Amino acid sequence: MTEAFRLTGLVKQFKQVRAVDGVSLTVRRGEVVALLGPNGAGKSTTIDMLLGLTSPDEGSVRVFGGSPRAALDSGRLAAMVQNGFLLRDVTPGELVELHRSMFRNPLPAKEVYERAGIGEFAKRRCGKLSGGQLQRVRYALALTGDPELLLLDEPTAALDVDARREFWASMHEFTAAGRTVLFATHYLAEAEDYADRVVLMRHGKVVADGAVDEVRANVSGRVIRAVVQGTR
Ligand code: ADP
Ligand code: MG
């Protein structure tokens, strides 16, 4: 099967807000997809439904042909959610060990450290780490089960320029091995630089989907500017 996941007619309503309004999206294995849109577009809610953290009011989610739960339990699916918190008094090394114990075939700790670049501060408490370092710890935890599909919700939102560049370099290692990534962003430049496909969301709907150039050709500059805030 070449499909990584398939969303069909997803709807999610929060009181008066229709956060996700009929989203259908199929992503094949090996694709690196940017979910691009302004704050409030419905990106996080879509990702939460892909993870089974939120259940849709309508529609269905299939990950590797099964449920999100099954994909998470087997380690094939992993994610970095927005604002995921880490306890101050534990160390990255302890967290990696805890995560490793949850999977049947986790990556060796050493490999997790190397891939995420956390070796230098693995024994320091999380409360003492910088934002960029904490983000690398979150990335390390997502890598522990050796996933085939990684969902990243605004992974660089809180990072400075250098930390951002480092983060995307680690990501590139992951995708170069043919794995699948969906990342949410409101930076057009990140979508252009790191994705081979862009899915543009606005008001809970997918308004464009294709290669960066196709999306640019089919959507007027005015709409793209309205949808995307900031550049880098
Ligand atoms: P994005 O990630 O693109 O910024 P979200 O999916 O977080 O968008 O939010 C989409 C819309 O749904 C927003 O209007 C947001 O305020 C609303 N929303 C999201 N989560 C909740 C919630 N738990 N309760 C109420 N409204 C929510
Ligand atoms: Mg969000």
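Some notes on this structure:
- Residue within region 178-190 that is hydrophobic (A, V, I, L, M, F, W, C) and more than 16 Å from ligand 1 (Cβ to nearest atom) present: yes
- Scanning region 148-192 for residues that are under 25 Å from G65 (Cβ atoms), touching a Leu at 6+ places or on another chain (Cβ under 7 Å), within 14 Å of ligand 2 (Cβ to nearest atom) and not aliphatic (A, V, I, L, M) yields a single hit, F183.
- When A177 is tested against (1) aliphatic (A, V, I, L, M); (2) more than 27 Å from A41 (Cα to Cα); (3) touching a helix residue (DSSP H, G or I) at 6+ places or on another chain (Cβ under 6 Å), just one condition goes unmet, and that condition is (3).
- Residue list for region 13-59, filter: on the phi > 0 side of the Ramachandran plot, more than 8 Å from ligand 1 (Cβ to nearest atom) and more than 16 Å from the chain's Cα centre (by Cα): G22, G59
- Exactly one residue out of G22, G30 is more than 16 Å from ligand 2 (Cβ to nearest atom), outside any loop (DSSP other than H, G, I, E, B) and not polar (S, T, N, Q), and it is G22.
- Residue count, region 1-20 (criterion: of a type outside the set (K, R) and buried (at least 18 other Cβ atoms within 10 Å of the Cβ)): 6
- Single unsatisfied condition, R62 versus (1) within 17 Å of L10 (Cβ to Cβ); (2) within 14 Å of the chain's Cα centre (by Cα); (3) not hydrophobic (A, V, I, L, M, F, W, C): (2)
- Unmet criterion (only one of (1) more than 13 Å from the chain's Cα centre (by Cα); (2) more than 16 Å from ligand 1 (Cβ to nearest atom); (3) within 27 Å of T144 (Cβ to Cβ); (4) touching a residue at least 60 places away in the same chain (Cβ under 8 Å)) for S67: (4)
- Pairing each residue of region 35-46 that is more than 13 Å from Q13 (Cα to Cα) with any residue that is aromatic (F, W, Y), provided the two are 6+ apart or on different chains, yields C-beta distances under 7 Å for L35/F183.
- Restricting region 144-171 to residues that are within 16 Å of ligand 1 (Cβ to nearest atom) and touching a residue at least 60 places away in the same chain (Cβ under 8 Å), the residue that is farthest from N39 (Cα to Cα): L151
Every number here is computed from the coordinates shown, using simple stated rules; none is lab data. As the structure is a computational prediction, the values presented were derived from the model and not from experiment. When we count neighbours, we look across all protein chains shown, and the Cβ atoms used for this are built from the backbone with ideal geometry, even at glycine.
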